[in-house]
Every structure is written in C-alpha cells, then in structure tokens.
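Below is one structure; the comments refer to it alone.
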Amino acid sequence: MINNDIINGFDDEKDDSLKIKLQKVKEVEGCLVLYLTGYIDTYNSNYFQKRVQRAIESGFIRLVFQCGGLNYVSSTGIGSFTAFLKAVKPRGGDLVLLEIQPKVYEVFQLLGFSQFFNIKNSLDDSINYFQNSTAVEAIAAFPKIFACPICSKKLKALKPGRFRCSECKTILAIDNTSQVFLG
C-alpha cells in the first residue's frame, strides 16, 4: 500500500534526506507506523513536521515512529517529536519511538528528552502499549514524583498544570496522564 492510499496527498512533497513510509495498525484505532529512513536536521525538519502534521490532521493520534533507519537526529528534529507529542496528547493520543539507534538515543539523553518519550523495542510492544494505555488512562496518576529533565532535582506534582522547578527555574507542564513536558 502506498502512502497516498493511507493519507491523501502525503507523498505530494518529497525529500531525499528523509524517507517516510506509512503503515496503518488495524488493531488500534487511529494508530499509524511511520518508518523513517535517513536523518532529521534543521534543513528537513519543516518537511518532516508538515508530513506528520498531515497524518495527525487525518485522525492518526497514536503514532509509532520506526527509527531503525534514522542515522541522525539534531536538536531541531527532537523538537519536532516534542511538537507531535503536544499535538496528539490533548486528542487522547501518544507516540512511541521504536528501535532508536544508540547514537540517536544519545542525543535524546543529552538534551534530557529520553524520559518524555515511550521507547519500545518492537512493533508488538508498541501495539500492546496503545491497546493497554487506552484501557487504563483513567487510573489516578497523582501525586507524581519525578526528576526535573534539566537539573534532575526530585519534584512532586499534586495535580496537572504548569509549574517552575524549584532548583533551575525551568517551566514544566504535567498533563492529566502525568506526562511531564518542558514549558
């Protein structure tokens, strides 16, 4: 199946530095696997964001990014993943990063983002995560104790909302499912 059969007009724009192949997941409503091959940097991140935004606007709010073919992601690229997370969370969605290469994962860790994303080792694990998360979203997640992604200070959130780290003064947000975000 070609991408335009899944999302109308998805392949209208191409970029040789990043190839995206789509696959619908029949077992989970609104779930899409995006096979990424190449790299994501400052120059092609806009292309990447537009393609994925088109998927989200088409109703795919549970996204699995198959990253086994990604050999480089810049901080701008990681910002793109963060933007996707912010776009799907309010709609009841989430995203999973799958098979991240060690050098790409290192960038996520260095920038403090590895704990924000669900990282799985197989497509089956990703599908199970989405099947189970839709069933258990109602479980009370507060109070939530976590480490600040910037300075690692232990923090406690009593309810969803925005607040400032008492140590480094970074503004953080925590959603209803107790996921922590910058800003």
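For region 1-66, averaging the sequence separation of C-alpha pairs within contact (under 8 Å, six or more residues apart) and dividing by the residue count gives a relative contact order of 34 percent. In degrees from 0 to 90, rounded to the nearest 10, what is the angle of the helix 45-57 Cα long axis to the longest principal axis of the chain? In the chain, helix 45-57 runs at an angle near 90 degrees to the longest axis. For the chain, a crude dipole built from +1 on the beta carbon of Lys and Arg and -1 on the beta carbon of Asp and Glu, taken about the Cα centre, is about 840 debye to the nearest 20. For the chain, carbon and sulfur atoms together expose 49% of the accessible surface, with a 1.4 angstrom probe and every protein chain in place. Computed on the chain, the Cα convex hull volume stands at 112 Å³ per residue. Residues in region 79-85 carry Karplus couplings, in order, of x, 5, 4, 5, 4, 5, 4 Hz; the curve used is 6.51 cos²θ - 1.76 cosθ + 1.60 with θ = phi - 60°, and Gly or Pro positions show x.
Note on Lys153: lysines with a C-alpha under 28 Å away, same-chain residues under 8 apart excluded, are Lys86, Lys89, Lys103, Lys120, Lys144, Lys169.
Computed over protein heavy atoms with a 1.4 Å probe, the accessible surface of the chain works out to 53 Å² per residue. Computed over the Cα atoms of region 1-59, the ratio of the radius of gyration to the Kirkwood radius (Rg/Rh) comes to 0.95. With contributions of -39500 (n - 2.57) from each DSSP H run of at least four residues, the per-residue ellipticity at 222 nm computed over the chain stands at -9000 deg cm²/dmol. Comparing Thr82, Gly183, Leu158 along the charge dipole axis of the chain, the residue lying farthest to the positive side is Leu158, per the Cβ-charge model.
The mean sequence separation of alpha-carbon pairs under 8 Å and at least six residues apart, normalised by the residue count of the chain, gives a relative contact order of 14 percent. What you get for region 38-140, charging only the Cβ of Lys and Arg (+1) and of Asp and Glu (-1), is a dipole of about 320 debye around the Cα centre.
Using C-alpha pairs under 8 Å with a sequence gap of at least 6, the mean separation divided by the residue count of region 142-183 gives a relative contact order of 29 percent. The phi-based Karplus calculation (6.51 cos²θ - 1.76 cosθ + 1.60; θ = phi - 60°) puts the 3J(HN,Hα) values of region 153-162 at 5, 6, 10, 10, 10, 8, 7, x, x, 10 Hz, whole numbers, x for Gly and Pro.
Remark: region 39-94 projects, on average over all directions, an area of 3.5 nm² (convex hull of Cα atoms).
Taking a point 7 Å out from the Cα of Asp41 in the direction of its Cβ, the residues of region 3-23 whose backbone N falls within less than 18 Å of it are 15-20. Of the beta bridges DSSP finds with both residues in the chain, what % are antiparallel, to the nearest 5? Antiparallel: roughly 50 percent of the beta bridges in the chain. Under a 5 Å amide H cut-off, with hydrogens placed 1.01 Å from N, Tyr72 pairs with Ile40 among residues at least 5 apart or on other chains.
The values are calculated or read from the model by the stated rules, or taken from the named source; none is laboratory data. These numbers were taken from a predicted model, which means no experiment stands behind them. Glycine gets a Cβ as well: all are built from the backbone with ideal geometry, and neighbour counts include every protein chain shown. Note: areas computed on protein heavy atoms with side chains; ligands, DNA, RNA excluded. Shrake-Rupley method; radii C 1.70, N 1.55, O 1.52, S 1.80 Å.
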